[in-house]
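Quick notes on the structure that follows.
The values are calculated or read from the model by the stated rules, or taken from the named source; none is laboratory data. Being a predicted model, the structure only gives us computed values, none of them experimental. Because the Cβ atoms are built from the backbone with ideal geometry, glycine has one as well, and the counts that use them run over all protein chains shown.
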Amino acid sequence: LSVPTDAGAALAALRRACGAAPLLTGVDEVAPYLSDHRHLYRGQALGVALPDTVAQLSEILAWCNARGVGVVPQGGNTSYCGGATPDESGTQLVIGLARMNRIRAIDAANLSMTVEAGCLLASVQQAAAEAGCYFPLELGSAGSCQIGGNLSTNAGGLNVLRFGMARDLTLGIEAVLPDGRVFQRLRALRKDNTGYDLKALLIGAEGTLGIITAATLKLWPAIRTTATAFLAVPDVSAAIAVLAQLRGAAGERLNSFELLPRAAIELACRHIPGTRAPLGLSNEWYVLCELSSFVDEPLDELLQQALTRAISTGQVLDATLAANEGQRLAFWALREGIPTAQRRAGLGVKHDISVPVSALPAFVAEASAWVRRAVPDGTLVAYGHAGDGNLHFNVNWLDGADAQHVATQEPVIRRAIHDLVAAHGGSISAEHGIGQLKVDELRRYTSAVELGTMRAIKRALDPKGIMNPGKIFTPS
Ligand SMILES: Cc1cc2nc3c(=O)[nH]c(=O)nc-3n(C[C@H](O)[C@H](O)[C@H](O)COP(=O)(O)OP(=O)(O)OC[C@H]3O[C@@H](n4cnc5c(N)ncnc54)[C@H](O)[C@@H]3O)c2cc1C
């Protein structure tokens, strides 16, 4: 890096480059930006710049690019793979997007809205609702993650089954490229076949190709009716059969299908105040599913009929429908409380995997058998977006374990689970990205052709390698 060796001179030059944008350098004010929310990583930084206009950000990036200063974009800092945390060198600049948080436009007739990257996901959802529309991205972190972070991780969440992931919800992107040029393609078009889809490339790039400053998002009409049910099922195969039946009965109205093992529900009930198991805890597997509609229609009846048929064939053992909005929210609070409950329960090893839905039963059976055999002191807590073939396949040590024991076990468990995922044609990162946590895993499970093409794209857009160095792959 060609940062002046004299730290004082470097900061003075950086401050000039930031212009009107605040540059935080005090130990206490910078501290929250230096580690991820799971405290897996802790870095250092030259400072934290907080631009609130595209022009300011463009100046800062051009300055960093000219001097080879590494840049780490940070949104809500809720991601799981350390992608928003600087390295330990103290030579990188963190750029926080929180001040770029304007809703630029909502076009209800076109079902689209344009928002700045630093808008909280919850604010985007609320602005859409106030315009009589619906923005379907839904994560447990909605109150603290930013739409720029959601797009940069191509976030998934609870409604992917029907509406797709963040990339599927995006019509246009505005971004500042590493050399400070502004890529502006905020077209609100559903049809636009004009060359390479560069917006799709910037989405999911985890800040390694540029900084997203705004996006034009797809909206849907407001949801008028929902029907939500909690089911007990005999096993994962039955759950997948029920998924197919619900699809057959409800078509595209099926927007969520979450698989929950007893262990996950027990954890939530123990560690999240006010949470209770809707169907008790006498079964091994449960499902939380939801239908929704843009028109008034008797969804409860439709769901009840489909579940009655599934009960008669033994694929559902027991079921309860949310009788009102309070019960619906209670079902979802239980589901969304699981990550927090796991954290409170103690140490664990997390995997965010996906396999084809049809392969889920075999994968879960084989991977669970491996965990029982190889980690007898661990408890498997494998839950999540089964309708998308995505499970958070986690192992927790509920009776306590020292950090050293977990650190020794972690690579062994990760290798076994990810090898099984690969054998079933799956992905080692379904929705959380690569960050710095899975750099080695990406290398192991990705072909040389694919990795080489990714690196070529990185070199073309960021020849000096200033954008989020060490994330997705190690600098070449
Ligand atoms: C309780 C909880 C529940 C969650 N549930 C889900 C879930 O269901 N599905 C899911 O997918 N994730 C989930 N997450 C993970 C997390 O919320 C998502 O990954 C989210 O999209 C991250 O957004 P963020 O603003 O916090 O990004 P950050 O953590 O700040 O950054 C993530 C990555 O994007 C880059 N980045 C951030 N902003 C920009 C920008 N404007 N331009 C370029 N790069 C940028 C960063 O450098 C980093 O690499 C959950 C997290 C928590 C804590």
Selection within segment 185-217 - farther than 21 Å from Gly70 by Cβ and surrounded by 22 or more Cβ atoms within 10 Å (Cβ to Cβ) = Lys199, Ile203, Ala214, Ala215, Thr216, Leu217
For Ala122, are the conditions met, namely being crowded, with 22+ Cβ neighbours inside 10 Å, within 16 Å of the ligand (Cβ to nearest atom) and under 19 Å from Gly156 (Cα atoms)?
-> no
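Enumerate the helices (runs of 4 or more DSSP H) found wholly within segment 1-117, keeping only those where 3 or more residues are without any contact (Cβ under 8 Å) to a residue 12 or more places away in the chain. Steps first, answer last, please.
Values: elements: 7-18, 27-30, 54-67.
Filter on segment 1-117 gives 7-18.
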Collect the residues in segment 308-326 that are outside any strand (DSSP E or B), over 19 Å from Arg162 (Cβ atoms) and in contact (Cβ under 8 Å) with a residue 40 or more places away in the chain, keeping them in residue-number order.
-> Arg309, Ala310, Gly314, Gln315, Val316, Leu317
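So, in segment 125-139, how many residues would count as being acidic (Asp, Glu) and surrounded by fewer than 18 Cβ atoms within 10 Å (Cβ to Cβ)? So that I can check it myself, show each step before the final result.
Filtering segment 125-139 down to residues acidic (Asp, Glu) leaves 130, 138.
From the residues that got through so far, the ones that are surrounded by fewer than 18 Cβ atoms within 10 Å (Cβ to Cβ) too are 130.
Qualifying residue count, segment 125-139: 1.
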Within segment 417-443, residues surrounded by fewer than 21 Cβ atoms within 10 Å (Cβ to Cβ), farther than 26 Å from His39 by Cα, small (Gly, Ala, Ser) and in contact (Cβ under 8 Å) with a residue 24 or more places away in the chain come out as Gly425
Could you list, in sequence order, all residues of segment 245-299 that are under 24 Å from the mean Cα position of the chain (by Cα), surrounded by 19 or more Cβ atoms within 10 Å (Cβ to Cβ) and part of a helix (DSSP H, G or I)?
-> Arg253, Ala263, Ala264, Ile265, Leu267, Ala268
Failed criterion for Asp399 (all others in (1) farther than 25 Å from Pro86 by Cα; (2) surrounded by 17 or more Cβ atoms within 10 Å (Cβ to Cβ); (3) of a type outside the set (Gly, Ala, Ser); (4) out of contact with any helix residue (DSSP H, G or I) (no Cβ under 7 Å at 6 or more places or on another chain) hold) | (2)
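For segment 327-351, which residues satisfy the criterion of being in a loop (DSSP other than H, G, I, E, B) and farther than 16 Å from Leu267 by Cβ? Show your work before the answer.
Step one: list which residues in segment 327-351 are in a loop (DSSP other than H, G, I, E, B), which gives 337, 346-347, 350-351.
Listed by number, the list holds a single entry, His351.
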Kindly indicate whether any position in segment 140-162 is surrounded by 24 or more Cβ atoms within 10 Å (Cβ to Cβ), more than 19 Å from the chain's Cα centre (by Cα) and either at pLDDT 95 or above or closer than 16 Å to Asn390 by Cβ (or both).
-> no
So which of Glu450, Glu441 ends up being out of contact with any Gly (no Cβ under 9 Å at 6 or more places or on another chain) and farther than 24 Å from Pro86 by Cβ?
-> Glu450
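Just checking, which of Thr408, Thr453 is at pLDDT below 95, over 23 Å from Glu258 (Cβ atoms) and away from the ligand (no atom under 16 Å from the Cβ)?
Numbers: Thr453 fails: at pLDDT below 95.
After applying the criteria, what remains is Thr408.
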What's the number of the condition Leu137 fails, among (1) part of a loop (DSSP other than H, G, I, E, B); (2) over 30 Å from Gly8 (Cα atoms); (3) of a type outside the set (Val, Ile, Thr); (4) near the ligand (Cβ under 8 Å from one of its atoms)?
-> (4)
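Do you know which of the residues in segment 65-111 that are at positive phi and near the ligand (Cβ under 9 Å from one of its atoms) is surrounded by the most Cβ atoms within 10 Å (Cβ to Cβ)?
In the first step, residues of segment 65-111 are kept if they are at positive phi; the result is 68, 77, 82, 90, 111.
Still in the list and also near the ligand (Cβ under 9 Å from one of its atoms): 77, 82.
Details: Asn77: 22, Gly82: 24.
Among those residues, the one meeting the criterion is Gly82.
Condition check ((1) modelled with pLDDT of 95 or more; (2) farther than 24 Å from Asn101 by Cβ) across all residues:
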position: Ser2; (1), (2): no, yes
position: Gly8; (1), (2): no, yes
position: Ala12; (1), (2): no, yes
position: Pro22; (1), (2): no, no
position: Ser58; (1), (2): yes, no
position: Asn65; (1), (2): yes, yes
position: Gly70; (1), (2): yes, yes
position: Glu88; (1), (2): yes, yes
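Report yes if Glu116 is surrounded by 17 or more Cβ atoms within 10 Å (Cβ to Cβ) and either among the basic types (Lys, Arg) or over 30 Å from His39 (Cα atoms) (or both), otherwise no. Quick ask: steps written out before the conclusion?
Working: surrounded by 17 or more Cβ atoms within 10 Å (Cβ to Cβ): yes; either among the basic types (Lys, Arg) or over 30 Å from His39 (Cα atoms) (or both): no.
No: the conditions fail for Glu116.
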State which residue pairs qualify: first residue among the hydrophobic types (A, V, I, L, M, F, W, C) and inside segment 375-395, second residue in a loop (DSSP other than H, G, I, E, B) and surrounded by fewer than 24 Cβ atoms within 10 Å (Cβ to Cβ) in any location, beta carbons under 6 Å apart, and separation of 6 or more residues or different chains.
-> Phe393/His351; Val395/Val375; Val395/Gly378
In this structure, is Leu34 within 16 Å of the ligand (Cβ to nearest atom), surrounded by 17 or more Cβ atoms within 10 Å (Cβ to Cβ) and over 26 Å from Leu461 (Cβ atoms)?
-> yes
For segment 145-219, please list each of the strands (runs of 3 or more DSSP E) lying entirely inside it that holds at least 2 residues being away from the ligand (no atom under 14 Å from the Cβ) and over 21 Å from Cys133 (Cα atoms).
-> 182-185
Test set (1) in a strand (DSSP E or B); (2) surrounded by fewer than 24 Cβ atoms within 10 Å (Cβ to Cβ); (3) away from the ligand (no atom under 16 Å from the Cβ) - Leu231 fails condition number = (2)
